[in-house]
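The values are calculated or read from the model by the stated rules, or taken from the named source; none is laboratory data. Note that the structure is predicted; figures quoted are calculated from it, not measured. Cβ placement follows ideal geometry from the backbone for every residue including glycine, while neighbour counts extend to all protein chains displayed.
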């Protein structure tokens, strides 16, 4: 049974899934319904486009190059260890809206931490933030048996004014990988703004 992570909680992936080598990170969300009236109608016209990304950090918690950001504009890490399966522009539909595949055994030793982030595309001009998003979650699935290892839900938390989110970290600790739920809201315009904080 999957662990429902709380903010700040850390788990050992080796303990929860001893033979884990390949995992899928799934991101899902729905758009909160606007209240009625003309204003609500106009505000509701623009789709919410949440973008999931992974920042591959070195031992100094920094990005070594732009190619260490896996997102809709760079769907595959140069090592081949991380693959983004593509951009979902609306969040419509059940289950995961975006998925990223990670092969832990192929991640170069120079990369010690994977930071899972999400941002709202074109959020400032559309006047959108995470208070207008509901049922947002990130989950990790063991691809060998398709079992969900852990899930972190953003529902019920006030993120008014926040347009980006540091969801979770998967990091090396001695000879194993661990996961930490972060859930930190930030105000950014796009993934580039987030990446700039790690250079």
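Need at least 2 residues that are in contact with a helix residue (DSSP H, G or I) (Cβ under 9 Å, 6 or more places away or on another chain), surrounded by 13 or more Cβ atoms within 10 Å (Cβ to Cβ) and in contact (Cβ under 8 Å) with a residue 12 or more places away in the chain per element, so show me which strands (runs of 3 or more DSSP E) inside segment 89-199 make the cut, counting only ones lying wholly within it.
On the way: elements: 98-103, 113-120, 133-142, 147-153, 164-173, 176-186.
In segment 89-199, the matching strands (runs of 3 or more DSSP E) lie at 113-120, 133-142, 147-153, 164-173, 176-186.
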Next item on the list: Scan (1) more than 17 Å from residue 5 (Cα to Cα); (2) touching a strand residue (DSSP E or B) at 6+ places or on another chain (Cβ under 7 Å) for the single condition residue 182 breaks and write down its number.
Entry: (1)
Notebook entry, point to check: Residues of segment 19-50 being loosely packed, with under 10 Cβ neighbours inside 10 Å and modelled with pLDDT of 80 or more, which ones?
Noted result: 19
Margin query: Here are the criteria: (1) part of a loop (DSSP other than H, G, I, E, B); (2) free of Cβ contacts under 8 Å to residues at least 12 places away in the same chain; (3) out of contact with any helix residue (DSSP H, G or I) (no Cβ under 7 Å at 6 or more places or on another chain). Tell me which single one residue 78 does not satisfy.
Written below: (3)
